[in-house]
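Laboratory data are not the source of any read-out in this text; all were calculated from the coordinates shown. Fair warning: this is a prediction, and the values are worked out from it, not measured in the lab.
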């Protein structure tokens, strides 16, 4: 393994890859800080139109936390990408079903609000697309909350792989 090759791969998936999954990927990279250099954090959509920018609402809420999503471009999830990921976090159960129907690895696909068990399924991450500023702000709060629960597990996997 080369020094620049990622050790852990995390994929976030939503529908269009313009709101929730790019926000989640950016939130995890920010949460990991220096550790993010050895973690590949990507996002994709189950029904994404290739090359679309992040939504204005997503760009705005991320910018409020000094995260720049202006260069993000949407893309559709691929089977290869799913196969290579250590963890795949989806925003809703129907995303998990779509990935499993594509051949996604069932044991690595998790609804973000439900992992690690028991999770917090009472805090689902609803799609803010086309919604109010408040909808985007609540989506961002929930994503950051769930990412804070996930990050220690990613760090632990990184440490374990660096020492093995």
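So here's what we get for this one:
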quantity	calculated
Pair-distance profile P(r), taking every C-alpha pair of the range 8-158, with 5 angstrom steps and integer %	2, 10, 22, 24, 23, 14, 4, 0
Nearest 10 degrees, 0 to 90: helix 20-32 Cα axis against the chain principal axis	50 degrees
Whole-number percent relative contact order across the chain, with pairs defined as alpha carbons under 8 Å at least 6 apart	27 percent
Distribution of pairwise C-alpha distances over the range 102-164, 10 Å bins, in %	19, 37, 32, 10, 2
The range 1-58, Rg to Rh (Cα coordinates; Rh as Kirkwood inverse mean 1/r)	1.04
Along each principal axis, Cα extent of the range 52-129, largest first, Å	34, 30, 20
Gain on full stretching of the segment that runs from residue 145 to residue 66 - 0.36 nm per residue minus C-alpha separation	26.8 nm
